[in-house]
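Data block below; observations after.
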Amino acid sequence: MHHKMRFNTKEKHVLPKMSASAAPEVQDLTRLERIGAHSHIRGLGLDDALEARASSQGMVGQCRARRAAGIILSMIREGHIAGRAILIAGQPGTGKTALAMGMAQALGTDTPFTSISGSEIYSLEMSRTEALTQAFRRSIGVRVKEETELIEGEVVEIEIDQAATTGEKRGKLTLKTTEMETIYDLGHKMIESLTKEKVTAGDIVTIDKASGKINRLGRSFTRAKDYDAMGAHTKFVQCPEGELQKRREVVHVVSLHEMDVINSRSQGFLALFSGDTGEIKQEVRDQIDQKVSDWREEGKAEIVPGVLFIDEVHMLDIECFSFLNRALESPMAPVLVFATNRGITRIRGTNYKGPHGLPIDLLDRLLIVTTEPYSEPEVKQILTIRCEEEDVEMSDDAKELLGRIAMETSLRYAIHMITTANLVCLKRKGSEVEAQDIKRVYQVFRTISCCVCSAQPAFCSCSAT
């Protein structure tokens, strides 16, 4: 038996029927987050005037370097800097990679950011120039604009019927705007989508006419007083105006490398997941560049110059440096960010020495940002942030001792001790890491500077022993 209800309506439409083969169910994927060396970095920690805060967004100290990075960041966003290169130089453990990661976080997901190591290109099964070319094109985005038809309105009522004999579900969805109201017939797939999104009367929804995908925007302001209690994350939006059916511009950002791979392999976009892209012919890249150029002239696309970060840039050789000199002159080159901890050292592939292991003609193209060693208060602040990131409770005495160890050895060594000291604390069933746990770990894991203590204990001058 079917249960029927009457509606006062002006129009009646049928939503596109979705078959399992035509529109498979899309599952939401949860991004796996792991605690890494720079997972606590959320940005550059700058205010609106590009002044560096003492401690913000995971960044501590390095105020001058962060201000310089902020200026470069604003130029990237405004499109005023492309085909330029920046060198971040400083001692090991002074936050060079953290600065680059802060730039990546501040740029957001729409701006391509590619990070590679200088020694990485030697292990790839392709020529060094091809590896650099692919890294370049990964760092150049194309913002493609297209129009799609949407149905947007406030849900007035949902009616779902189930046949007594076949069990097949059918239904009707009533949507309205401030100017009109319409009934839509629902198929089995649309009913499942509504149930999955937990759509109820009073919700503002959009429905893609091509795919049938439903997006729940929030609750209508007119239903704000329907319930005494609302969730903390309940979002209220205005009832849409005008027609229910709208044409809306949708923007997608893809990299030039992704377009290269799709057009150079017989399996198309599946090659993106295999990882074995191999060398790509220059003819394919020329065709892609020409197509993107045509889209730009038609107003369908625009170039998004991203950032290519090359760590340990002194590991590149003279062949790579010559390629970079030429590639920087390309009209679609990304912004290059180099990092190195070397001073005067030999340029690989030659018998000559140069500042930071770079040839002079490439150094002339660089804006150089220097990092300084952290002070003791800054080191302690970084260790506190890392304790919070790794969810480790540590006493003030333990933090003080760990800070002294970091100043005498290295910041990286002290950061490694956080998790190991926490394991020692858990073994003794403690609630927070104490100084004795730090001492125990320090006795087990020695630094290079303390190797003499193992051979000659009588001469040991370590403060933690």
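From K96, K169, which residue is closer than 30 Å to Y374 by Cβ, of a type outside the set (G, A, S) and modelled with pLDDT under 85? Spell out the reasoning first.
Working: K169 fails: closer than 30 Å to Y374 by Cβ.
Exactly one of K96, K169 is closer than 30 Å to Y374 by Cβ, of a type outside the set (G, A, S) and modelled with pLDDT under 85, namely K96.
So A131 ticks every box in (1) closer than 14 Å to F309 by Cβ; (2) in a helix (DSSP H, G or I); (3) of a type in the set (A, V, I, L, M, F, W, C) but one. Which box is left unticked?
(1)
Quick one: Q62 ticks every box in (1) closer than 16 Å to Y374 by Cα; (2) within 21 Å of the chain's Cα centre (by Cα) bar one, so which box is it?
Of everything listed in (1) closer than 16 Å to Y374 by Cα; (2) within 21 Å of the chain's Cα centre (by Cα), Q62 misses just condition (2).
Of the residues E258, E197, which is acidic (D, E), within 30 Å of K169 (Cα to Cα) and modelled with pLDDT of 75 or more? I'd like the intermediate steps shown before the answer.
On the way: E258 fails: within 30 Å of K169 (Cα to Cα).
So the residue among E258, E197 that is acidic (D, E), within 30 Å of K169 (Cα to Cα) and modelled with pLDDT of 75 or more is E197.
Every residue in segment 217-238 that is surrounded by fewer than 17 Cβ atoms within 10 Å (Cβ to Cβ) and modelled with pLDDT of 80 or more, please. Write out each step before concluding.
Kept after step one, since they are surrounded by fewer than 17 Cβ atoms within 10 Å (Cβ to Cβ), are these residues of segment 217-238: 217-218, 221-222, 224-238.
Scanning segment 217-238 gives L217, G218, F236, V237, Q238.
Going through E376, E329, E302 one at a time, which residue ends up being at pLDDT below 90, under 30 Å from C425 (Cβ atoms) and surrounded by fewer than 18 Cβ atoms within 10 Å (Cβ to Cβ)? Step through it out loud before you land on a result.
Values: E329 fails: under 30 Å from C425 (Cβ atoms); E302 fails: under 30 Å from C425 (Cβ atoms).
Of the residues listed, the single one that is at pLDDT below 90, under 30 Å from C425 (Cβ atoms) and surrounded by fewer than 18 Cβ atoms within 10 Å (Cβ to Cβ) is E376.
The values are calculated or read from the model by the stated rules, or taken from the named source; none is laboratory data. Computed from a predicted structure; not experimentally measured. Please note: Cβ atoms are built from the backbone with ideal geometry, for glycine as well, and neighbour counts cover all protein chains shown.
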